[in-house]
Amino acid sequence: MQSKHLAEIAHYNGNLHYFPSPPQATPAMSKQAAKTLETFPNPAPHRDYQIHMEIPEFTCLCPKTGQPDFATLILDYVPDKLCVELKSLKLYIWSFRDEGHFHEGVTNRILDDLAKALKPRYIRLTAKFYVRGGIFTNVVAEQCKKGWQPAGKIGLASFEAQSNMRGG
């Protein structure tokens, strides 16, 4: 088979199987981590609504040992005029992977940077760090826009933990 899109051939049960080659990065695709958070206009600024994101691949380094620390970040916010663009958030989160940070410090720094970029009505960041030395650490930081009063009681929705599989 003569196709530049079929790069790998595997033998399975005596048969040849062709697998498409993975997409190649183009110059427009960024491979670099960045400390820039991009935003876009809130499509519904007239209403309070919750944006919930789970970021299961956060990594930074322990400032004492240099060992990697892994966490799932859970971001909940009520936008005002701006929302965070997801690719820039991914590259921003990626930028911490080679930096040393205490759990409490990095959680508050990320919340501060998001709050500065978005100026949301409300924002909460929960960092659930995986076990280190027999201890799980959860850090929760939140901020509310001065003078913002939710219309009635806001009970932020509760979401079940996500996996890498979506199912019915």
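The values are calculated or read from the model by the stated rules, or taken from the named source; none is laboratory data. Just so it is clear, the model here is predicted, and its values are computed rather than measured. Neighbour counts are summed over all protein chains in view; Cβ atoms, including those assigned to glycine, are modelled from backbone coordinates with ideal geometry.
Do we have any residue at all in region 112-120 that's part of a loop (DSSP other than H, G, I, E, B) and crowded, with 20+ Cβ neighbours inside 10 Å? Yes, there is a match, as at least one residue in region 112-120 is part of a loop (DSSP other than H, G, I, E, B) and crowded, with 20+ Cβ neighbours inside 10 Å. Residues of region 30-64 that are within 15 Å of LYS119 (Cα to Cα) and assigned to a strand (DSSP E or B): THR39, PHE40, PRO41, ILE51. Scanning region 121-148 for residues that are modelled with pLDDT under 90, over 23 Å from GLU57 (Cβ atoms) and surrounded by 10 or more Cβ atoms within 10 Å (Cβ to Cβ) yields a single hit, TRP148. Among the residues of region 43-60, none qualifies, meaning not one is surrounded by fewer than 17 Cβ atoms within 10 Å (Cβ to Cβ), of a type in the set (Phe, Trp, Tyr) and at pLDDT 95 or above. Selection over region 22-42 of residues that are at pLDDT 90 or above and over 16 Å from the mean Cα position of the chain (by Cα) gives a count of 3. State whether one or more residues within region 99-110 are outside any helix (DSSP H, G or I), crowded, with 18+ Cβ neighbours inside 10 Å and touching a helix residue (DSSP H, G or I) at 6+ places or on another chain (Cβ under 8 Å). Scanning region 99-110, I find no residue that is outside any helix (DSSP H, G or I), crowded, with 18+ Cβ neighbours inside 10 Å and touching a helix residue (DSSP H, G or I) at 6+ places or on another chain (Cβ under 8 Å), so the answer is no.
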